[in-house]
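Below is one structure, written out as structure tokens, with a few remarks after it.
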Amino acid sequence: MKTKTAGVEQYLLNRITGGEYAPHAKIPSQFKLMQHFSCSRVTVQRALNNLIRAGILYSSRGSGTFVRPGPYNGRVQELVIVSQYADNSPDFPFSEMLFNLQTPLPIRWVDEEFFDRNPAHFCHPGQAVIWLLPGEKQIMHMYHLRQRNIPQLLINRTYGDFDFVSTDPWSSIREGLNLLAVRRGDSFAVVSRIPNADAPYLSERLLAFYEECFNLGLNIPPDGIIKRNLSEFSLDSSSPEIFPDGRIPRRIFIPEELLLAPVIMNASRYNRILGKDYEILVFSQGILIPPRPGLLMMHQPMDEFRQQIEKFIIHINSGSKERFQIRIKTVLRGNG
């Protein structure tokens, strides 16, 4: 439920961004705002202080509170990228992709934890926030920014009706299954860690896989659904067995790349050879792995993600109110 403080803030923001209160214009007095919202002076003062800290208003002792000059026409003048990964590294392609954005706008990288402690610093008109693989704990911040009319784009996550650019697991898995030439009645196994808040993409990928198997008439036997906590997937020889008694399924779906090596190593304990004894369909975050027989990787195309982010910037600067929600099909690599 929106508080009275938030209501006062939103009332003033709407009139500032809508042009009713021009730069340097004096806003209504505290007394008038108290009458309009039937609230206390403390509520009004709290709302005004929040807007002053956010750089939207300024006060002059004895004169009142005024609109600080700023880009209130909705045009983006700065990108703020919020991420727990701020290194430009080929080992993390999503981060590397954002370092290569083609845009004249200045870009500021903000650590996720710092943002959590100081969200008011990133609520200025003229900013747009790019959320890089945000977790569920960031959703409240997203709604906070929305109240202040700050454009936002989620990268490879989909929460509520926020704008996003994300992988399309349904079309990607469908294409992968077709390339493996599966036939009605064929069996598949699934090897996954247990979905949780730290990996929200797993639920969507698993749901897409089950739906596509149902549509194609594929069989997933009860003992073919293998789930573990992440700590149990290890290359250590003492790690728990993934496949009991060496019964390696002919075809295996893995929803994330970090489980690929443990599965292959586990199968090798029983002298099972990838490409000869079994095949794998796996999501890849973009790291290029040399082709191997029997390995079909659904590679997330970083160039297309980058191009869509650049289109998003143009989209919001055009003043369009249409939602910007883009699903991108993976690129299949390998010879499954």
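The values are calculated or read from the model by the stated rules, or taken from the named source; none is laboratory data. As the structure is a prediction and not an experimental result, all values here were calculated from the model. Positions of Cβ are backbone-derived with ideal geometry, glycine not excepted, and every protein chain shown enters the neighbour counts.
Apart from one condition, residue 311 fits all of (1) over 24 Å from residue 207 (Cβ atoms); (2) without any contact (Cβ under 8 Å) to a residue 40 or more places away in the chain; (3) within 19 Å of the chain's Cα centre (by Cα); (4) surrounded by 18 or more Cβ atoms within 10 Å (Cβ to Cβ); the exception is (4). Just one of the numbered conditions (1) within 23 Å of residue 318 (Cα to Cα); (2) small (Gly, Ala, Ser); (3) modelled with pLDDT of 85 or more is not true of residue 83: (1).
Pairing residues of the stretch 292-303 that are under 14 Å from residue 281 (Cβ atoms) with residues that are assigned to a loop (DSSP other than H, G, I, E, B) and of a type in the set (Asp, Glu), at Cβ distances under 9 Å and at least 6 apart in sequence or on separate chains, gives 294/277. Residues in the stretch 261-270: is at least one touching a Gly at 6+ places or on another chain (Cβ under 8 Å) and modelled with pLDDT under 90? Yes, some residue in the stretch 261-270 is touching a Gly at 6+ places or on another chain (Cβ under 8 Å) and modelled with pLDDT under 90. Consider the stretch 192-201 and keep the residues that are touching a residue at least 60 places away in the same chain (Cβ under 8 Å) and crowded, with 18+ Cβ neighbours inside 10 Å. The one that is nearest to residue 280 (Cα to Cα) is 192.
Each residue in the stretch 122-150 was checked for being closer than 17 Å to residue 78 by Cα, crowded, with 18+ Cβ neighbours inside 10 Å and not hydrophobic (A, V, I, L, M, F, W, C), and 4 of them qualify. Of 257, 204, 212, all but one fail to be under 18 Å from residue 170 (Cα atoms), more than 23 Å from the chain's Cα centre (by Cα) and crowded, with 17+ Cβ neighbours inside 10 Å; the exception is 212. For residue 225, the test of being out of contact with any helix residue (DSSP H, G or I) (no Cβ under 7 Å at 6 or more places or on another chain), surrounded by fewer than 15 Cβ atoms within 10 Å (Cβ to Cβ) and free of Cβ contacts under 8 Å to residues at least 60 places away in the same chain is passed. A count restricted to the stretch 148-175 and to residues that are in a helix (DSSP H, G or I) and farther than 26 Å from residue 198 by Cα stands at 1. Any residue in the stretch 172-191 that is touching a residue at least 60 places away in the same chain (Cβ under 8 Å), closer than 24 Å to residue 212 by Cα and under 19 Å from the mean Cα position of the chain (by Cα)? Within the stretch 172-191, one or more residues are touching a residue at least 60 places away in the same chain (Cβ under 8 Å), closer than 24 Å to residue 212 by Cα and under 19 Å from the mean Cα position of the chain (by Cα). Against the numbered list (1) within 25 Å of residue 253 (Cα to Cα); (2) in contact with a helix residue (DSSP H, G or I) (Cβ under 7 Å, 6 or more places away or on another chain); (3) at pLDDT 90 or above, residue 277 comes up short only at (2).
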